[in-house]
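*Asks:* A single structure is presented below for examination.
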Amino acid sequence: MQSWFGKWTIVLAVALLVGGCAAMTPQPTADTFKAPEVTLDSMEVAHYWGWWFFAKTVQPTKGTAGDYGAPLDLAFVFNVHNPNTFPVMLESLKFTVAFEDFDLNSLNSAETQWIPPGKTNQVRVHGMFDGQQSRLNLMLVGGQKLKEKGVDAFTQLEKWWTTIGEGKFPVNVKEGAAVFKADGLVRVSTFKGAYPAP
Amino acid sequence: MKPKRSWWVWLSIVMILGWAAGAGAADEINIGALNDMTGATSDVGKDYALGIAEAINYINDTGGINGKKIKLFQFDYGYRIPEALTKYSLFKQKKCVAVLGWGTGDTEALAPTVGKDKMPYISASYSGHLCDPKKAPYNLFFSTDYSTQARGLITAWFDKKWPKKPDFGKRKPRIVFAYMFASPFSSASIKAAEDQATMLGFEVGPKQDVSLFAIDTKSQILAMKDFKPDVVLHTNTVMSVAATIRDAYALELGADNIIVNWGFDEALPVLAGKAAEGAMGCAPWAFFGQDVKLMDKVKEYAQKFNPGIPLEKRTIHTIQAWANAMGLAEALKRADKAGDLTGEGILKKGFETMRNYEIGLGLAPVSFTPTDHRPQSKARIYEYKDGKFVMMDEVDLKARWPEKWEKEWLGW
């Protein structure tokens, strides 16, 4: 049978082990918490269906008629570097995507992940660019700019959809903001980039 | 025989479990948000979406819902109704207690479902149709509804501008409506506008079908010229309104412009240039950066969470988002205090207990009762003058026409 001294030694050891894990990690403060760096590593066409558009006057073989445009699934890969001596949590990351200088999509990743001190994680964010949705967006937000360019929305979309795999025009990431947390403190990192890089 | 565990083993287990629990999530309330950042209304929807996330961060940083944090599930549905329906199902699976919705499309498509589910749905569709609790009991918003806006705009122009016109007292004033006929959003307030104009003695001209995507509206302006209107009411979003008033200016239509909120924002003078001068619009909230309660926090959180977007690019739509988010938070706090965070509890013990509740943000006080979900009867009218938005009138429809407000105007 163990003595009371032995029992308390075990309890103390557990307490030290539990407490020690936290104590060994340097604690972030408002002064020491540096904003992690986010950079665009690459962009790829994750899945591709070519270019097509069916107006709602076209009767489909199955399903209901509507204005349907080819989807485009793009994946954006970011390097997220933690320059701190303590782990930080990436809480969310969002950015706007522009084809050339036309804003087409706003993407958001809300999956959290911890980044060890001094290490770089990679985050992949998928964005679905729907043909019809992009057309409406282009007509509304980019309507005046297209008019000045002398191009209609369909022609512009077809050009983008059919050449994106060859990297013929810049896909710009802009207005990026990534929210990081550590021990209740918050840092927001801004980022932008282009692929192919200029 | 089962061995008896010693006290010190239990103490060690409790310590480890206690540490692990401390590292886990605190009590959370799940809220869904549907936004359009890429679709047909993204010209105004993107800024609204940013505002929703920033406001929720502010609410969480200032104590949450009586100590409980809000977990926001925010999605861009691109103004595609099937996607809105799918995301709504996801919100239910995530046990969201309320939804911050967006436009007329998703709001009207979901209205019967949210009523059946008893899911409070606070949207940026301010249609008067959503204000009758008999028809849409769980649809709410923190704004002047479109019909009250249109009535207020017509009244303000009639009171302040018409008496200064050379033909005042000689003939009836003439009004034309410019909007997209096929859009439920654009046409939501036209019936009320026509009623108000007729009541005030206007001659109403042929309605003009202007697409939300219009960049050239010369044919509609030429059609208006035959009628010689004194004033044009616009109920589209800002891109289309800017194109219309620009063409009206170029073709010397000579009419004043009165605009419902989505067409009257900081982008209007940028897009329409000189043509925007003198335009009147209904803005239930302050414009971004104006000196009103909570604006310092709106600016602080915009800079903190979206530092890549300059403040000069932010608009009144951020303020609209804050109004809806703050209004929902207040309802949740009241319901939580009453110990009932069910959908019905949030409606009855939250929203419907608000009487002249002041959020700040330049929004007039808000009330909801079990029989009337029109948040307010005051339409705040601004004029774009010398490069600034200046408040020129506040029309209180309930005070001016109490019987009609009470008995006739609810729900359309």
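*Asks:* Could you pull out every one of the lysines with an alpha carbon less than 19 Å from that of B:Lys164, ignoring same-chain neighbours closer than 8 positions?
*Replies:* Within the straight-line cut-off, B:Lys164 pairs with B:Lys172, B:Lys228, B:Lys385.
*Asks:* Please list, by residue number, every one of the trypsin sites (Lys or Arg not before Pro) in the stretch B:348-412 that is coil in DSSP and has at most 12 other beta-carbon atoms within 10 Å. Mind dumping the intermediate values first?
*Replies:* On the way: sites: B:Lys348, B:Lys349, B:Arg355, B:Lys378, B:Arg380, B:Lys385, B:Lys388, B:Lys398, B:Arg400, B:Lys404, B:Lys407; in loops: B:Arg355.
Answer in residue order: B:Arg355.
*Asks:* What longest range of chain A stays clear of loop-exposed chymotrypsin sites (Phe, Trp or Tyr not before Pro) (DSSP non-H/G/I/E/B, at most 15 other C-beta within 10 angstrom)? Don't skip to the answer; put the middle values down first.
*Replies:* Working: sites that count: A:Trp49, A:Trp52.
The reported range is A:53-198.
*Asks:* Please list, ordered by chain and number, the residues whose modelled amide H lies under 5 Å from the amide H of A:Phe33; skip anything fewer than 5 residues away on the same chain.
*Replies:* When sequence neighbours closer than 5 places are left aside, there are no close amide H contacts.
*Asks:* To continue, here is another question. Would you work out the Kirkwood radius for the stretch B:169-291? I mean one over the mean of 1/r across all pairs of different Cα atoms, in Å.
*Replies:* For the stretch B:169-291, inverting the mean 1/r across all distinct Cα pairs yields 14.5 Å.
*Asks:* Quick one: compute a quarter of the convex hull surface over the Cα atoms of chain B and quote it in nm². Can you show the working numbers first?
*Replies:* Working: hull surface 96.3 nm².
Quarter of the Cα hull surface area: 24.1 nm².
*Asks:* Any chance you could list the semi-axes, whole Å, largest first, of the equivalent ellipsoid that the Cα gyration tensor gives for the stretch B:160-223, using √(5λ)? The partial results should precede the final answer.
*Replies:* Details: eigenvalues 123, 48, 16 Å².
After scaling each eigenvalue by five and taking roots: 25, 15, 9 Å.
*Asks:* Separate question: Residue by residue through the stretch B:57-71, what is 3J(HN,Hα) from phi via Karplus (6.51 cos²θ - 1.76 cosθ + 1.60, θ = phi - 60°)? Round to whole Hz and write x for glycine and proline.
*Replies:* Result, rounded to whole Hz: 4, 5, 4, 5, 6, 10, x, x, 9, 6, x, 8, 7, 8, 9.
*Asks:* Hey, can you grab everything whose amide H is under 5 Å from the amide H of A:Ser92? Only 5+ residues off in sequence or another chain; H modelled, so Pro and N-termini drop out.
*Replies:* A:Val179
*Asks:* Can you tell me what the convex hull of the Cα atoms of the stretch B:80-214 projects to on average, as an area in nm²?
*Replies:* Working: hull surface 39.1 nm².
It is 9.8 nm².
*Asks:* Along its three principal axes, how long is the stretch B:49-116 when you only count alpha carbons? Whole Å, largest extent first please.
*Replies:* Principal extents (largest minus smallest coordinate, Cα): 35, 25, 16 Å.
*Asks:* Hey, another quick one. So what's the Cα pair-distance distribution over the stretch B:286-356, bin width 5 Å, in %?
*Replies:* 3, 17, 20, 17, 12, 12, 12, 6, 1
*Asks:* Cα to Cα, under 19 Å, and not fewer than 8 places away if on the same chain: which lysines meet these conditions relative to A:Lys149?
*Replies:* Partners found: A:Lys159, A:Lys168.
*Asks:* Determine the order of B:Arg374, B:Arg334 by accessible area, beginning with the largest, at a probe radius of 1.4 Å.
*Replies:* Numbers: B:Arg374 15, B:Arg334 65 Å².
Largest accessible area first, the list is B:Arg334, B:Arg374.
*Asks:* Considering the Cα trace of the stretch B:100-149, what is its radius of gyration and what is Dmax, both in angstroms?
*Replies:* 9.6, 30
*Asks:* Could you tell me how many degrees, from 0 to 90 and to the nearest 10, lie between the Cα long axis of helix A:153-163 and the main elongation axis, the longest principal axis, of the Cα atoms of chain A?
*Replies:* 60 degrees
*Asks:* Any idea what angle helix A:4-24 forms with the longest principal axis of chain A, computed on alpha-carbon atoms, 0 to 90 degrees, nearest 10?
*Replies:* Tilt relative to chain A: about 40 degrees.
*Asks:* How large are Rg and Dmax for the stretch B:198-264 when only the alpha carbon atoms are used, in Å?
*Replies:* Calculated on Cα positions, Rg and Dmax stand at 11.4, 33 Å.
*Asks:* Then there is this: Tell me which residues come under 5 Å, amide H to amide H, from B:Ile29 once H is placed; ignore anything under 5 positions away on its chain.
*Replies:* Placed amide hydrogens put B:Lys69, B:Ile70, B:Lys71 under 5 Å from B:Ile29.
*Asks:* Report, to one decimal in Å, the Kirkwood hydrodynamic radius for the stretch A:33-187 based on all distinct Cα pairs. Intermediate results must be reported in sequence, preceding the final value.
*Replies:* Values: mean 1/r = 0.0573 Å⁻¹.
Taking every pair of different Cα atoms in the stretch A:33-187, averaging 1/r and inverting gives 17.4 Å.
*Asks:* How big is the protein assembly as shown on each of its three principal axes, counting only the C-alpha atoms and giving the largest first in Å?
*Replies:* Extents along the principal axes: 110, 61, 53 Å.
*Asks:* Any chance you could check the Cα centroid distance between the stretch A:122-189 and the stretch B:61-94 for me, in angstrom?
*Replies:* The stretch A:122-189 and the stretch B:61-94 have Cα centres spaced 23 Å from each other.
*Asks:* Cα centroids of the stretch B:155-203 and the stretch B:367-412: how far apart, whole angstrom?
*Replies:* The stretch B:155-203 and the stretch B:367-412 have Cα centres separated by 16 Å.
*Asks:* Given springs between every Cα pair under 10 Å in a Gaussian network model of chain A, which of A:Ala55, A:Ala46, A:Ala178 has the largest fluctuation?
*Replies:* A:Ala55
*Asks:* What is the Rg over Rh value, at two decimals, for the stretch B:357-412, using alpha-carbon atoms and the Kirkwood definition of Rh? Walk me through the numbers on the way to the answer.
*Replies:* Details: Rg = 13.7 Å, Rh = 13.0 Å.
When Rh is taken as the Kirkwood radius, the ratio is 1.05.
*Asks:* Taking Cα atoms, how many degrees apart are the long axis of helix B:81-93 and the longest axis of chain B, rounded to 10 and kept between 0 and 90?
*Replies:* The two axes meet at around 30 degrees.
*Asks:* Under Stokes-Einstein, with the Kirkwood radius over Cα pairs standing in for Rh, what whole-number D in µm²/s applies to the stretch A:32-117 at 4 °C and 1.567 mPa s?
*Replies:* On the way: Rh = 16.4 Å.
In µm²/s, the coefficient is 79.
*Asks:* Please turn the phi angles of the stretch B:160-166 into ³J(HN,Hα) values with the Karplus equation 6.51 cos²θ - 1.76 cosθ + 1.60 (θ = phi - 60°), one per residue in order, whole Hz, x for glycine and proline.
*Replies:* So the Karplus estimates, Gly and Pro as x, are 9, 9, 4, x, 8, 7, x Hz.
*Asks:* Just in the stretch B:171-275: which GluC sites (Glu not before Pro) are loop by DSSP and have at most 15 other Cβ atoms within 10 Å? Don't skip to the answer; put the middle values down first.
*Replies:* Details: sites: B:Glu194, B:Glu203, B:Glu252, B:Glu266; in loops: B:Glu252, B:Glu266.
Answer by residue number: B:Glu252.
*Asks:* For the stretch A:26-112, run through the trypsin sites (Lys or Arg not before Pro) and keep only the ones in DSSP coil with at most 15 other Cβ atoms within 10 Å of their Cβ. Write out the running numbers ahead of the final one.
*Replies:* Working: sites: A:Lys34, A:Lys56, A:Lys62, A:Lys94; in loops: A:Lys34, A:Lys56, A:Lys62.
In loop regions of the stretch A:26-112 (DSSP not H, G, I, E or B), the sparsely surrounded trypsin sites (Lys or Arg not before Pro) are A:Lys34, A:Lys56, A:Lys62.
*Asks:* Something else about it: Given a cut-off of 20 Å, what percent of all Cα-Cα pairs of the stretch B:302-412 lie beyond it? Each step should come with its number before you reach the end.
*Replies:* On the way: 3424 of 6105 pairs.
Value for the stretch B:302-412: 56 percent of Cα pairs lie more than 20 Å apart.
*Asks:* Next up: State the three equivalent ellipsoid semi-axes of the stretch A:148-194, derived from the C-alpha gyration tensor as the square roots of 5 times its eigenvalues, in descending order and whole Å.
*Replies:* Working: eigenvalues 267, 30, 14 Å².
Rounded to whole Å, the semi-axes are 37, 12, 8.
*Asks:* Taking B:Lys333 as the anchor, which lysines have their alpha carbon closer than 17 Å to its alpha carbon, excluding any fewer than eight residues away along the same chain?
*Replies:* Leaving aside lysines fewer than 8 places away in the same chain, those within reach of B:Lys333 are B:Lys68, B:Lys69, B:Lys71, B:Lys348, B:Lys349.
The values are calculated or read from the model by the stated rules, or taken from the named source; none is laboratory data. Bear in mind the structure is a predicted one, so any value in this text is a computation, not a measurement. Here Cβ is always computed from backbone atoms with ideal geometry, including for glycine, and neighbour counts include all displayed protein chains. Protein only, heavy atoms only, side chains kept; ligands, DNA and RNA dropped before computing areas. Shrake-Rupley method; radii C 1.70, N 1.55, O 1.52, S 1.80 Å.
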